[in-house]
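For reference, the structure is listed below as structure tokens.
Derivation of every value follows stated rules applied to the coordinates shown; laboratory data play no part. Since the model is a prediction, treat every value here as computed from it, not as a measurement. Backbone-built Cβ (ideal geometry, glycine too); neighbour counts: all protein chains shown.
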Amino acid sequence: DAKTTQPPSMDCAEGRAANLPCNHSTISGNEYVYWYRQIHSQGPQYIIHGLKNNETNEMASLIITEDRKSSTLILPHATLRDTAVYYCIVRVLVYGNKLVFGAGTILRVKS
Amino acid sequence: KAGVTQTPRYLIKTRGQQVTLSCSPISGHRSVSWYQQTPGQGLQFLFEYFSETQRNKGNFPGRFSGRQFSNSRSEMNVSTLELGDSALYLCASSLGTGGEETQYFGPGTRLLVL
């Protein structure tokens, strides 16, 4: 019952921006978009989240389209340590704190 | 602030045994959720506890249970272990269960059932 669609894998050159897309065409008006990443066999790491407006923190930027049907996570200067599985999650409020993870995008940063 | 801690980090059990995993949330966090991660099924929600009450439950058999203590620490128990229970068990904590809650995950407990 994941509400998001992500490409299975992407490659990015070290030092370049990594742009990870996510489609969430059935998102409701009060549902947040969350991004997590998981480096091999570790616990998922929170990256960023947003509702309508674009958001930026020390790790990344989140661009949400005006119709909210898709978003892009931007890692401005990817490093080898950014190689991970990136999950885009729509937080369904009636689920409480339950997060529904899809398969995510495997991002490979190459030197 | 210390992050979410989980103990033990690694565990080996045999079929039919039971196991208890522990999770200490970030200080001040009152909600704890548990997830199971396997190569075949990915990350799946087990249950969520808030103020010592189970708030939500995933689609897992009754062999999987949990509880939360007054200090917000949580334990999950799996009885009559099966080979398919081998997985990474992850705990996540958040301040509450409101609309804009961010969950922070621990490092996980890797369980191997032989």
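Could you count how many residues in region A:54-69 are among the small types (G, A, S) and not in a strand (DSSP E or B)?
Residues that pass the stated criteria total 1.
Within region B:38-45, is even one residue under 10 Å from the mean Cα position of the chain (by Cα) and in contact (Cβ under 8 Å) with a residue 12 or more places away in the chain?
So the first thing to find is which residues in region B:38-45 are under 10 Å from the mean Cα position of the chain (by Cα), and the list is B:45.
Still in the list and also in contact (Cβ under 8 Å) with a residue 12 or more places away in the chain: B:45.
Yes, region B:38-45 contains at least one residue that is under 10 Å from the mean Cα position of the chain (by Cα) and in contact (Cβ under 8 Å) with a residue 12 or more places away in the chain.
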Inset, instruction - List every residue pair whose Cβ atoms sit under 9 Å apart, with the two residues 6 or more apart in sequence or on different chains, where the first one lies in region A:45-68 and is away from every other protein chain (no Cβ under 13 Å) and the second, anywhere, is in a loop (DSSP other than H, G, I, E, B) and surrounded by 14 or more Cβ atoms within 10 Å (Cβ to Cβ). - result: A:I64/A:L51; A:R68/A:H24; A:R68/A:I27; A:R68/A:E31; A:R68/A:L51
Inset, instruction - Return the total of residues in region A:54-111 being exposed (fewer than 14 other Cβ atoms within 10 Å of the Cβ), among the β-branched types (V, I, T) and within 13 Å of A:C22 (Cβ to Cβ). - result: 1
Legend entry - region B:95-114 - residue that is small (G, A, S) and buried (at least 16 other Cβ atoms within 10 Å of the Cβ) and, of those, nearest to B:S24 (Cα to Cα): B:G106
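Would you please name the residue that is surrounded by the fewest Cβ atoms within 10 Å (Cβ to Cβ), looking only at residues in region A:9-53 that are in a strand (DSSP E or B) and either of a type in the set (D, E, K, R) or touching a helix residue (DSSP H, G or I) at 6+ places or on another chain (Cβ under 7 Å) (or both)?
A:D11
Being small (G, A, S) and either in contact (Cβ under 8 Å) with a residue 60 or more places away in the chain or touching a Lys or Arg at 6+ places or on another chain (Cβ under 9 Å) (or both) is the filter here, so list the residues in region A:29-44 that pass it.
So the first thing to find is which residues in region A:29-44 are small (G, A, S), and the list is A:29, A:41, A:43.
A:G29, A:S41, listed by residue number.
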